[in-house]
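Comments concern the structure below.
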Amino acid sequence: TQNATDALRTPIVAVLGHVDHGKTSLLDKIRGSAVSEGEAGAITQHIGATAVPLETVSTMAGSLVDPDDFDLPGLLFIDTPGHHSFTTLRSRGGALADIAILVVDVNDGFQPQTEEAIDILKRTGTPFVVAANKIDTTPGWNPQDGAPIQQTYEAQSQRARSMLDERLYEIIGQLSDSGFSADLYWRVQNFQKNVGVVPLSALTSEGIPDLLAVLMGLSQRYMKDEMAIDVSGPGAGTVLEVKDEKGFGATLDVVLYDGVIRAGDQIVVGGTNEPIVTEVRALLQPRPNAEIRTEKRFDKVEQVGAAAGVKIAAPDLDDAMAGAPVRVVRDRPLDDVVEEVRKELAQI
Ligand code: GTP
Ligand code: MG
């Protein structure tokens with residue numbers, strides 16, 4: 001029912017991996033955009049957030065995801081940069097994640113920021129799947145646009161198949177060296193104990209249906225096991241970026257990971273000197289499937305529930321910091337919330 005869906009928190013899916021291994025391209029395919037092409041030197045330099053509705057997921061996944069099997073409203077994808085200088089942003093993305101996709105280029109295998117991402121996922125205890133990307137670059141590949149991986153495999157020559165298998169087993173070996181028992185995803189029974197590897201291509205979309213099916217399964221299980229179903233509490237989030245917007249002044253791009261935020265709410269935001277206490281003037285939500293980082297059109301809404309990307313307009317945000325916490329005060333003593341924000345700030 002509508003109410004049940006409203007009560008469920010959208011899982012946050014972080015996309016991590018080495019530079020150029022195809023994180024943004026993968027998200028572009030899933031949401032039907034071309035964000036990667038607009039990036040200077042195709043390098044991502046910020047964290048992004050995109051709400052992908054269940055409808056889109058099931059359309060992309062075809063017969064592999066039946067929307068009737070899931071109560072989730074969709075998935076909130078967090079894009080992160082792979083360039084070595086953005087360690088802080090990767091940690092921030094990892095800290096937000098309920099589950100993660102580790103993107104690995106099948107030609108390159110594990111690289112320094114792959115290892116770094118693995119360390120973040122270990123530290124935060126985040127379950128993840130591996131997207132073994134760029135399978136279309138296998139010599140002699142016969143692309144099957146948008147097909148599930150089994151169908152693609154059947155269309156390949158013996159030679160192409162075994163070349164890809166060799167690369168995949170190398171990645172599985174590297175995962176094992178990092179302490180994870182991993183296998184091709186169709187051989188994995190328990191995705192919280194073992195890491196599933198999904199061969200795919202962000203160029204031809206082959207294998208993306210499989211990835212989405214695995215993610216949905218993992219999310220659904222995660223929701224049931226660990227997630228609070230009640231998301232009506234005071235909102236909590238993390239600032240992705242502080243941006244000037246015409247007519248609003250300094251605004252915050254925020255990932256709301258818990259609770260609800262409403263227009264008019266008193267909020268506390270981490271600032272360069274002191275926590276900032278202010279009041280939400282407007283909540284601006286990117287449209288479904290839009291990347292908050294590049295989106296120009298936002299819908300003005302009265303309230304937003306977790307998880308979501310949202311732009312917050314409020315007075316006095318000039319000193320707000322990327323990475324800082326945002327807390328809705330609601331019916332709690334203001335001093336307590338200020339103290340909570342101050343404590344969290346000390347840790348970042
Ligand atoms: P950073 O955000 O800078 O870490 O890079 P990224 O991981 O987001 O990589 P991005 O999606 O920008 O892709 C890097 C390059 O790889 C681009 O030129 C893409 O077109 C190319 N690419 C990505 N996925 C595939 C794929 O599946 N096959 C092929 N052939 N090329 C791909
Ligand atoms: Mg990128």
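Read the figures in this text as sums done on the coordinates, not as results from a lab. Remember, predicted model here, so these are calculated numbers, not experimental data. A quick note on method: Cβ atoms are made from the backbone with ideal geometry, for glycine too, and the neighbour counts reach across all protein chains shown.
Brief remarks on what is shown
- In summary, segment 197-279 shows an alpha-carbon radius of gyration equal to 1.58 times the 2.2 N^0.38 Å reference for compact globular proteins.
- The chain: most fluctuating residue of PRO286, PRO333, PRO139 per GNM, C-alpha cutoff 10 Å: PRO333
- Label-zone membership for segment 169-188, site SER162, 7 angstrom Cα→C-beta point, backbone N under 17 Å: 169-170
- Proximal aspartates and glutamates relative to LYS122, as straight alpha-carbon distance under 16 Å, when same-chain residues fewer than 8 apart are discounted: ASP98, ASP177
- A full extension of the chain between GLU245 and SER232 corresponds to an added length of 1.8 nm, given 0.36 nm per residue minus the alpha carbon distance.
- The chain - Rg (one decimal) and Dmax (whole number), Cα, Å: 20.2, 67
- Which of THR138, THR80 has the fewest Cβ neighbours within 10 Å, and the rest in rising order: THR138, THR80
- Likely footprinting exposure, LYS300, LYS23, fewest C-beta neighbours within 10 Å first: LYS300, LYS23
- Of the beta bridges in the chain, as assigned by DSSP with both residues counted there, near 65 percent are antiparallel.
- Principal axes of segment 104-199: Cα extent on each, largest first, Å: 40, 28, 21
- For segment 1-120, radius of gyration divided by Kirkwood radius, i.e. Rg to Rh on alpha-carbons: 1.00
- Comparing VAL280, VAL104, VAL268 in a Gaussian network model of the chain where C-alpha atoms under 10 Å apart are linked, the largest mean-square fluctuation is found at VAL280.
- Placing unit charges on the Cβ atoms only, positive for Lys and Arg and negative for Asp and Glu, gives the chain a dipole magnitude near 140 debye about its Cα centre.
- When each of SER63, SER178 is scored by the number of other beta-carbon atoms lying within 10 Å, the sequence from fewest to most is SER63, SER178.
- Of the GluC sites (Glu not before Pro) found in segment 228-324, those in coil by DSSP whose Cβ has at most 10 other Cβ atoms within 10 Å are GLU302.
- The C-alpha atoms of the chain define a longest principal axis, and helix 87-96 lies at about 80 degrees to it.
- Per-residue ellipticity at 222 nm, computed for the chain from helices alone with -39500 (n - 2.57) per DSSP H run of at least four residues, works out to -9500 deg cm²/dmol.
- Sites ASP66 and ASP318, calculated FRET efficiency, Cβ-Cβ separation with R0 35 Å, nearest 0.05: 0.15
- Our summary gives the chain a relative contact order of 18 percent, counting only alpha carbon pairs under 8 angstrom and 6 or more residues apart.
- Here the label points at GLU339 and ASN194, each 7 Å from Cα along the C-beta direction, are separated by 4.9 nm in the simple model.
- Note on segment 187-321: Lys pairs 8 or more places apart or on different chains, Cα atoms under 28 Å apart, count 9.
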